[in-house]
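What follows is a set of notes on a single structure, which appears directly below.
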Amino acid sequence: MTEAERFVDETAKWLMPDRIHWCDGSEEEDARLKAQMLGDGTLIKLNEKELPNSYLHRSDPSDVARTEHLTFICSEKKEDAGPTNNWLSPKDAKAKADPLFRGAMKGRTMYVVPYVMGPLGSPFSKVGIEITDSAYVVANMRIMTRMGKAALDQLGSSDDFVPGVHSIGDLSPERRAIMHFPETKTIWSVGSGYGGNALLGKKCFALRIASTMARDQGWMAEHMLILELTVPSGEVHYITAAFPSACGKTNLAMLVSPLEKQGYKVRTVGDDIAWLRPGPDGRLWAVNPEAGFFGVVPGTSYDTNPNAMNTITHDTIFTNVAVDGNGVPWWEGKDKNPPAGMIDWMGKPWDKMGKAAHPNSRFTVAAAQCPSISPKFNDPMGVPISAIIFGGRRSRLAPLVFETRDWAHGVFAAATMGSETTAAATGAVGVVRRDPMAMLPFCGYNMADYFGHWLKMGTLVKSPPKIFHVNWFRQNDAGKFIWPGFGENLRPLLWMLDRVAGKGDAVETAIGAVPTKGSLNLDGLDMPAADLDAVLSVDNADWKAETPGIREFFAKFDGKVPKPLVAELDNLEKRLG
Ligand code: GTP
Ligand code: SPV
Ligand code: MN
């Protein structure tokens, strides 16, 4: 018996399914599961002519986003989870989970989903096995990972895989828990069928568990997109960017260059997660561990993200969007004309009072369908990184872009970044919180140690990338976004590449170097000078008001925050006067 078979055997004794099905990932299997889900109402067929082989899933209305308050790091010591994670001892976690899992699959089928995170055959890819009772999860995992036979082939008789146990339970938030055991590299999730709670390869494995592996093995697992930018000389650069959930990663990764005619071309390597490691050439290299996109639907349109629109024209699973009388999905921001006779995301006739689509409605689609996918997407070695970007949603304060002074200052800017909360997690929306590296909900260990790991990585990589910070979301007094965003975000990227090459003008400010107005390529962009001033401005008084919150955040870690970062804060306060 292999370790995988033993894991399945033991889990079956615990969850007591009526049937066990090992997923092979084939088209026949996928078609069979979809037919079954159409039969039991889990899926609704969309207009076959408009969107071939595409489906709508309506999740339970209480199960529409990640639930961070029900997500736990279960390490032996509380200190290893740190003050930013919910902690349970493994013993208490097991005691809590056992009644939720025992017999949970009676009358159900237990699906065994072997999957690979990372390109097949890559020395950097890793195998997971998710056990689930949700056919919807299986269909999503087939898109989001390299799933089925290919994964079992890669695993062979090895015992090196991350076991995950998932049951939708009764979908009640009272009996929901997403548990991670970093010491045994195990994931248990019960009571939710949604996204990051249930597709265990994504946030649970590729970020929370992988971040602990990365700490131990000298690499990094990050909430980052990977973008390829070709410049007129033909030179190709790769850039990663970490923004919190629903803050623009998918959109930046798929941006359509407004300067394509001048030879600036953008391609997509990844839109949510990057695994980075030092390469033999002294640079930092990245792979996208995922095979698909689980993207935010609202706001996606032919104006904002044509590449996404052209990706989701077929073979797509939509979750919690609205649908018109012809079986064509609709969402806020798709176009200005909501069709008549629309059914909202909960399956009721849309009353036009509430949202037609849930703000965290999503598309699941294979990366291979994306017109802008990079030829390097499946490259087992990944791509070398020229620049790292951090950013968030700040209606005030943060300028469009700034460059940090060096690696330690960049790590400080990332570790202290703030962002307004979004609908990607349950809870209040629009509240500023500190979200270090956009990893607050995804770091599998004490974030003070994680900051230390970041600092250490700067020494393991001979020429570490420059670190920048961006904010596409600054608003004017009327509450309108000042910067046009989307495709125009190429312009700050070009300034960054200039800076990496030792070119490009900048003004030194207390927080870092901001472009001079003349140093941004604004060719073809009609933007009032006053708006440009506003979006590039750094207000020392506003930043001064920000630092006590940063100090308070650091204080949570009981003196564990690495000294170089505390020194950076002292220096920032000095520069602010
Ligand atoms: P997750 O998948 O949750 O990690 O989100 P993400 O970081 O990939 O965010 P995404 O690109 O899906 O964008 C989230 C929302 O922000 C969407 O409604 C977008 O339309 C909007 N958005 C993205 N980029 C910009 C931008 O440059 N300007 C403005 N104003 N909105 C943007
Ligand atoms: C996020 O919330 O950052 C997502 C969606 O990418 S989920 O898969 O639910 O985590
Ligand atoms: Mn994300």
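The values are calculated or read from the model by the stated rules, or taken from the named source; none is laboratory data. As the structure is a computational prediction, the values presented were derived from the model and not from experiment. So basically every Cβ, Gly included, is an ideal-geometry build from the backbone, and we count neighbours across all protein chains shown. Accessible surface areas use protein heavy atoms only, side chains included; no ligands, DNA or RNA. Shrake-Rupley method; radii C 1.70, N 1.55, O 1.52, S 1.80 Å.
Once you place label points 7 Å from the Cα toward the Cβ at Met353 and Arg102, how far apart are they in nm?
The answer from the label model is 4.5 nm.
Please give the solvent-accessible surface of Ile312 in Å², to the nearest 10, using a probe radius of 1.4 Å with every protein chain present.
10 Å²
By its C-alpha gyration tensor, with a ≥ b ≥ c as the square roots of the eigenvalues, how is segment 70-214 shaped: rounded for a/c under 1.5, else prolate for a/b larger than b/c, else oblate? Walk me through the numbers before you get to the answer.
Details: a/c = 1.89, a/b = 1.18, b/c = 1.60.
Oblate, because a/c is 1.5 or more while a/b does not exceed b/c.
Just add up the charged neighbours of Phe412: K/R +1, D/E -1, any other residue whose Cβ is under 11 Å from the Cβ of Phe412.
Details: positive: Arg405; negative: Asp406, Glu568, Asp570.
Residues near Phe412 contribute -2 overall.
Of Met346, Ile385, Ile209, whose Cα points farthest to the positive end of the dipole of the chain (charges on the beta-carbon: +1 Lys, Arg; -1 Asp, Glu; origin at the Cα centre)?
About the Cα centre, the residue reaching furthest to the positive side is Ile209.
Rank Ser62, Ser89 by accessible area, highest first, at a 1.4 Å probe radius?
Numbers: Ser62 50, Ser89 20 Å².
If we order Ser62, Ser89 from most to least accessible, we get Ser62, Ser89.
Specify whether the C-alpha gyration tensor of segment 209-292 places it in the rounded, prolate or oblate class, a ≥ b ≥ c being the square roots of the eigenvalues: rounded for a/c under 1.5, otherwise prolate if a/b is larger than b/c and oblate if not.
Working: a/c = 3.17, a/b = 1.53, b/c = 2.07.
Judged from the Cα gyration tensor, segment 209-292 comes out oblate (a/c at least 1.5, b/c at or above a/b).
So, counting K/R as plus one and D/E as minus one, what does the shell of residues with Cβ under 12 Å around Gly118 add up to?
Taking every Cβ under 12 Å from that of Gly118, the sum is +1.
Which whole-Hz couplings ³J(HN,Hα) result when phi for each residue of segment 421-432 is put into the Karplus expression 6.51 cos²θ - 1.76 cosθ + 1.60, θ = phi - 60°, listed in order with x for Gly and Pro?
For segment 421-432, the Karplus-derived couplings read 5, 10, 6, 5, 10, 5, x, 5, 10, x, 9, 5 Hz, x marking Gly and Pro.
Enter the angle in degrees (range 0 to 90, nearest 10) between the Cα long axis of helix 90-101 and the first principal axis of the Cα atoms of the chain, meaning the one along which they spread out most.
Tilt relative to the chain: about 50 degrees.
Give the long-range amide H neighbours of His21: residues separated by 5 or more places, or on another chain, with amide H under 5 Å away, using H modelled in the peptide plane at 1.01 Å from N.
Under 5 Å from the amide H of His21 lie the amide H atoms of Met110, Tyr111, Val112, each far enough along the sequence or on another chain.
Please identify every one of the trypsin sites (Lys or Arg not before Pro) in segment 14-91 that sits in a loop by DSSP and has no more than 11 other beta carbons within 10 Å of its own beta carbon.
Taking segment 14-91 and a limit of 11 other Cβ atoms within 10 Å, the loop trypsin sites (Lys or Arg not before Pro) found are Lys49, Lys77.
To the nearest 20 debye, what is the magnitude of the charge dipole of the chain about its Cα centre, counting +1 on the Cβ of each Lys and Arg and -1 on the Cβ of each Asp and Glu?
580 debye
Pairing the Cα long axis of helix 27-40 with the longest principal axis of the chain, what angle in degrees results, from 0 to 90 and rounded to the nearest 10?
For 27-40 against the chain, the angle is about 80 degrees.
What translational D, rounded to a whole number of µm²/s, comes out for the chain from Stokes-Einstein when the hydrodynamic radius is the Kirkwood one over Cα pairs, at 10 °C and 1.306 mPa s? Provide the component values of the computation, followed by the final result.
On the way: Rh = 24.3 Å.
Estimated diffusion coefficient is 65 µm²/s.
Residue separation times 0.36 nm, minus the C-alpha to C-alpha distance between Met346 and Asp159: what's the value? Display every interim value, and only then the final one.
Working: separation 187, 0.36 × 187 = 67.32 nm, distance 4.24 nm.
Going from the current span to full extension adds 63.1 nm.
Taking the Cα atoms of segment 458-559 alone, what are Rg (to one decimal) and Dmax (as a whole number) in Å?
16.3, 51
What's the FRET efficiency of Asp335 with Leu522 using the Cβ-Cβ distance as r and R₀ = 35 Å, to the nearest 0.05?
The calculated FRET efficiency here is 0.80.
Given the rule -39500 (n - 2.57) for each run of at least 4 DSSP H residues, summed and divided by the residues of the chain, what is its mean residue ellipticity at 222 nm, to the nearest 500 deg cm²/dmol?
Working: 16 runs with 155 residues, N = 577.
Counting only the DSSP helices, I get -8000 deg cm²/dmol.
If amide hydrogens are placed 1.01 Å from N in the peptide plane, which non-local residues have theirs closer than 5 Å to the one on Val162?
The list, which skips near neighbours in sequence, is Val127, Gly128, Ile129.
What relative contact order, as a whole-number percentage, does segment 194-316 give when Cα pairs under 8 Å and 6 or more residues apart are counted?
On the way: 184 pairs, mean separation 28.4, N = 123.
Relative contact order for segment 194-316 comes out at 23 percent.
State the percentage of accessible surface on segment 184-272 attributable to carbon and sulfur atoms; use a 1.4 Å probe and exclude ligands, DNA and RNA.
Whole-percent figure for carbon plus sulfur exposure: 50.
Only sites in a loop by DSSP and with at most 16 other Cβ atoms within 10 Å count here; which trypsin sites (Lys or Arg not before Pro) in segment 517-577 make the cut? Please list the in-between numbers first.
Working: sites: Lys517, Lys544, Arg551, Lys556, Lys560, Lys574, Arg575; in loops: Lys556, Lys560.
For trypsin sites (Lys or Arg not before Pro) across segment 517-577 that sit outside H, G, I, E and B with at most 16 neighbouring Cβ atoms in 10 Å, the list reads Lys556, Lys560.
Report the label-to-label distance for Lys78 and Asp303 in nanometres (one decimal), using points 7 Å from each Cα along the Cα→Cβ vector.
Rounded to a tenth, the inter-label distance reads 5.1 nm.
Within 9 Å, Cβ to Cβ, of Ser395, how many net charges do the neighbouring residues add up to if Lys/Arg are +1 and Asp/Glu are -1? Write down the numbers at each step before the final one.
Values: positive: Arg393, Arg394, Arg396, Arg474; negative: Glu420.
Neighbour charge sum, excluding Ser395 itself: +3.
Per the Kirkwood formula on distinct C-alpha pairs, the Rh of segment 1-76 is how many angstrom? All intermediate terms of the calculation are to be shown ahead of the outcome.
Numbers: mean 1/r = 0.0612 Å⁻¹.
Every distinct Cα pair counted, the radius reaches 16.3 Å.
Give a residue-ordered list of calculated ³J(HN,Hα) values for segment 451-457 (Karplus: 6.51 cos²θ - 1.76 cosθ + 1.60, θ = phi - 60°; whole Hz; x for Gly, Pro).
4, x, 5, 4, 4, 5, 4
FRET efficiency for His21 and Lys574, Cβ-Cβ distance as r, R0 = 45 Å, nearest 0.05?
Details: r = 63 Å, r/R0 = 1.39.
Calculated transfer efficiency: 0.10.
Considering the dipole of the chain built from charges on the beta carbon (Lys and Arg +1, Asp and Glu -1) around the Cα centre, which of His237, Ala555, Ser122 is farthest to its positive end?
Positive-most Cα among the choices belongs to Ala555.
Considering amide H positions built from the backbone, and no H for Pro or chain starts, which residues 5 or more places from Asn86, or on another chain, come under 5 Å of its amide H?
The list, which skips near neighbours in sequence, is Ile73.
Can you tell me the orientation of helix 540-555 relative to the chain, as the angle in degrees between its alpha-carbon axis and the longest Cα principal axis, to the nearest 10?
40 degrees
Output the relative contact order of the chain, whole-number percent, from Cα pairs under 8 angstrom with separation of 6+ residues.
Details: 1273 pairs, mean separation 84.5, N = 577.
Contact order relative to length: 15 percent.
Take Thr2, Thr11, Thr426 and sort them by solvent-accessible surface of the protein heavy atoms, 1.4 Å probe, largest at the top.
Values: Thr2 45, Thr11 10, Thr426 65 Å².
Highest to lowest solvent-accessible surface, that is Thr426, Thr2, Thr11.
Quick one: grab the alpha carbon gyration tensor of segment 353-403, order the square roots of its eigenvalues as a ≥ b ≥ c, and give me rounded if a/c is under 1.5, else prolate or oblate depending on whether a/b is larger than b/c. Kindly include the intermediate steps, with their values, before the conclusion.
Details: a/c = 3.79, a/b = 1.15, b/c = 3.30.
It comes out oblate by the Cα gyration axes.
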